[in-house]
Structures are given as C-alpha cells and as structure tokens.
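Read the structure below first, then the notes.
Nothing in this text is a laboratory measurement; each read-out follows from the coordinates by a stated rule. A quick note: this is a predicted structure, and the numbers were derived from the prediction, not measured. Here the Cβ is made from the backbone with ideal geometry for all residues, glycine too, and neighbour counts use every protein chain on show.
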Amino acid sequence: MKILIIEDDEAILNMLKKGLEDEDFVVDIATNGEDGEYLASMNNYDVIILDWMLPNKDGIEVLKDIRKKGVLTPVLMLTAKDTTDNKIEGLNSGADDYLPKPFSFDELLARLNAIYRRSALKGSNKIIIDNIEIDFDSKIVKKDGKIVDLTAKEYELLEFLLANRGSVVSAEMIQEQLWNSEEFISSNVIQVIVYRLRNKLSKNLIKSKRNLGYFIE
C-alpha cells in the first residue's frame, strides 16, 4: 500500500513512518493540514492517516475539503478526541475509521488493511481468475491449487492491478505506488516484474496497451 500520513507530532509521525516502511509500505508525510490536503489532492494513495489537531488547517477541515474535491481515498482518523460525539463528527465528515490516541501499532495496521480491502478490493478477500486464486488476507497466490512463490514487488504489482481491475495503469502510476518517490528504478524494472508474473501465473493474465500501461480484465 501507499500511505499518506498527516501528523504534526514528530514522535508519532516517526513511529508510524518507520513501522509502515518496515511492513514494506510506501509512505509520504505531511506535518500540517495545508500540505496534507495538497498531497492528498495531487497523488494517489491507498489510505490516508489523518490527525485531527493540525497546524494551519485541522483534520476535519482537510477531510471535508478533499471529499469536496472528489478524493475518495479511505481515511483513518487519529485523535485524542475520543468522545462519541467526536467519533460521529469524524465519520460524518468523511472518515472511514477512527482510532483514538494512544493506540497500538498492531491495531492501526489491522485497521489499515481492513479499510484498504473494503475500498480497493470492494470487500472481497479472495479473487479467482480462471485457474488462479489470490487470497488478500494471507497474501497467497495459487495456480491450479498450488502456491506460487512471488516476490514482494511481484505480489504488490499484482494486487495493485487487481485493485484497478479493468483500468489501464501506467508505468508512472506503478512506480509511484510500489516505490518511494526518492528511490530510483531503471526504466525496465516494471517490464521485468510483469514478465515474471506472466511466466509464473499466465501469459494472458496481465495485458498491455502500447505506450499506455498494463491492466487485468
């Protein structure tokens, strides 16, 4: 997953960034509401982690404004405001889930995975395409009932294409999704990963449109 964290508490921000990157997520950060809203509006993320109390513009304002702009990215709101009225306000403003501070990282991770599945994978934890089965809970891929050994990037690309099933995904979108913006990858890395997936799963599973990108029907 590619995550945007909008949080001004340096300790919490560093903990979340390190923890999520250790889980092989790609993480962008913002430390105030205005910068967070800009990133949320300009980039594609799987989930946004949004603090309520932020400099320049609070999390509720950011949430309402990105929803007005048509940003449908799932939002997990973090806040010390933990009354029922606060939760209702956050959810009614467009949040998909609400986690009071202090929180455990394991619970946050579980909630991220849950709202990602509900959104990107439309609530389905398993997809079967011909003789290929993808289980999103266990991250296990099977072909003809036998487990296929995929690298982390191969699985991430497969999951990303399935989350955008039926739509062409450009190489630029794939690079943005699977790698941090600071990382450099050579121009043929994505082609190599697609080639390997086709060989391991099916040559017809991932289709391409010349000069446009890749897709799964």
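Counting every pair of alpha carbons in the chain, the share spaced more than 27 Å apart comes to 35 percent.
Once you treat every alpha carbon in segment 2-120 as an equal point and sum by Debye, what is log10 I(q)/I(0) at q = 0.20, 0.23 Å⁻¹? Those come out to -1.10, -1.56, one per q.
The residues packed around E217, meaning those with a beta-carbon under 13 Å from its beta-carbon, carry a net charge of +2 if Lys and Arg are +1 and Asp and Glu are -1. Cross-link pairs exceeding 20 Å in C-alpha to C-alpha distance, out of K153/K207; K2/K68; K146/K203; K17/K87; K57/K81, comprise K2/K68; K17/K87.
For the pair segment 138-154 / segment 42-110, the C-alpha centres are spaced 33 Å from each other.
Our summary gives the chain a relative contact order of 15 percent, counting only alpha carbon pairs under 8 angstrom and 6 or more residues apart. For the chain, the mean residue ellipticity at 222 nm estimated from helices alone is -12500 deg cm²/dmol, where every DSSP H run of n ≥ 4 contributes -39500 (n - 2.57) and the total is divided by all residues, rounded to the nearest 500.
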